[in-house]
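Working notes for the structure below.
The values are calculated or read from the model by the stated rules, or taken from the named source; none is laboratory data. These figures come from a predicted structure and were not determined experimentally. So basically every Cβ, Gly included, is an ideal-geometry build from the backbone, and we count neighbours across all protein chains shown.
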């Protein structure tokens, strides 16, 4: 069944729900001239964020999230005016970060050789070090595990989960990156929606652009922004209490920020647990990177990986 492409529209996000989901509160100051007795970044923050203990700023510098003129700082620095000071304040106790961010264990390695690794990223773990903090990420976990710098050509949203591939060797970095850029890597996801899904297959071919209503959100456009293409296929439906849950396959041709989530919302099938784009309430985002098919970057063999059942959520069936 062919479904007409909808006209560009805002996805009308619930901004209160978005803010409640975010783990940090963002502060930003543009300083044109010196303030009394304020000569360094930390003395300025102590003065302007009195609800934060002065003794905690050494720990906060190490945790991350403090920026001067757009560059993260890890030690106190003098203010040279004019300047810009930013801070991503955690909404949790830094000492509890180990429970806020999901752990990564060696058991979540799906495949590894001398050149590449396929790993299952759990939900609530960033793929890369984030502006808010730099200690907890899949990249940091893998670099610690393999004792080397890795290259990550593709990433998953922090709230999403599933398999992704990284390169472990210098000789694999370039070929794997080019394979993603040339769209030679095939990816498919599984997602769940509670919305009615009248079609069997559907394609969203709309650009992804920043949503002016909030800096972390994206929306769709016919012309501006980054071209994006996502194919959806309805797999099956189940009933859970009073709700009908529909499981779909999403196959993104491009890899834009929040692409599947935005395209799903625009198609009228917001993903369960998606607090950014109107999904039904749930403890986790019901979006899983389920299959990867690619050519090995150094030996040319064709590889197909499927997310192991031991790690996938119970709503997924083959």
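Checked against the criteria, residue 45 counts as outside the structural domain of residue 232 (by TED's automatic domain parsing), more than 26 Å from residue 211 (Cβ to Cβ), touching a strand residue (DSSP E or B) at 6+ places or on another chain (Cβ under 7 Å) and modelled with pLDDT of 95 or more. Of the residues examined, residue 38 is one that is in contact with a helix residue (DSSP H, G or I) (Cβ under 8 Å, 6 or more places away or on another chain), over 26 Å from residue 214 (Cα atoms) and surrounded by 13 or more Cβ atoms within 10 Å (Cβ to Cβ). Residue 107: outside any strand (DSSP E or B), out of contact with any helix residue (DSSP H, G or I) (no Cβ under 8 Å at 6 or more places or on another chain), modelled with pLDDT of 95 or more and at negative phi, yes or no? In short, yes. For the residues 70, 65, the requirement of being in contact (Cβ under 8 Å) with a residue 60 or more places away in the chain and at positive phi singles out 65.
Applying a threshold of 6 Å to beta carbon distances and a minimum spacing of six or more residues, or different chains, the list of pairs starting in the stretch 31-42 at a residue that is free of Cβ contacts under 8 Å to residues at least 40 places away in the same chain and ending at one that is surrounded by 14 or more Cβ atoms within 10 Å (Cβ to Cβ) reads 40/76; 42/57; 42/76.
When we screen 202, 231, 207, 214 for residues that are out of contact with any strand residue (DSSP E or B) (no Cβ under 9 Å at 6 or more places or on another chain) and either surrounded by 14 or more Cβ atoms within 10 Å (Cβ to Cβ) or over 17 Å from residue 274 (Cα atoms) (or both), the only hit is 214. Going through (1) surrounded by 16 or more Cβ atoms within 10 Å (Cβ to Cβ); (2) part of a loop (DSSP other than H, G, I, E, B) one by one, residue 114 falls short only on (1). A single member of 173, 207, 200 is under 30 Å from residue 240 (Cβ atoms), assigned by TED's automatic domain parsing to the domain that holds residue 273 and modelled with pLDDT of 95 or more, and it is 200.
Evaluating residue 171 against the criteria (1) outside any loop (DSSP other than H, G, I, E, B); (2) buried (at least 16 other Cβ atoms within 10 Å of the Cβ); (3) in contact (Cβ under 8 Å) with a residue 40 or more places away in the chain leaves one unmet condition, (2). When residue 119 is tested against (1) within 27 Å of residue 68 (Cβ to Cβ); (2) assigned to a strand (DSSP E or B), exactly one condition is not met: (1).
Out of 159, 154, 188, 137, which single residue is more than 17 Å from residue 257 (Cα to Cα), in the same structural domain as residue 300 (by TED's automatic domain parsing) and either crowded, with 19+ Cβ neighbours inside 10 Å or in contact (Cβ under 8 Å) with a residue 40 or more places away in the chain (or both)?
Going through 159, 154, 188, 137 in turn, the sole match is 137.
Please find, within the stretch 60-74, the residue that is surrounded by the most Cβ atoms within 10 Å (Cβ to Cβ) out of those that are over 23 Å from residue 157 (Cβ atoms) and either touching a helix residue (DSSP H, G or I) at 6+ places or on another chain (Cβ under 6 Å) or in the same structural domain as residue 121 (by TED's automatic domain parsing) (or both). Among residues in the stretch 60-74 that are over 23 Å from residue 157 (Cβ atoms) and either touching a helix residue (DSSP H, G or I) at 6+ places or on another chain (Cβ under 6 Å) or in the same structural domain as residue 121 (by TED's automatic domain parsing) (or both), the one surrounded by the most Cβ atoms within 10 Å (Cβ to Cβ) is 68.
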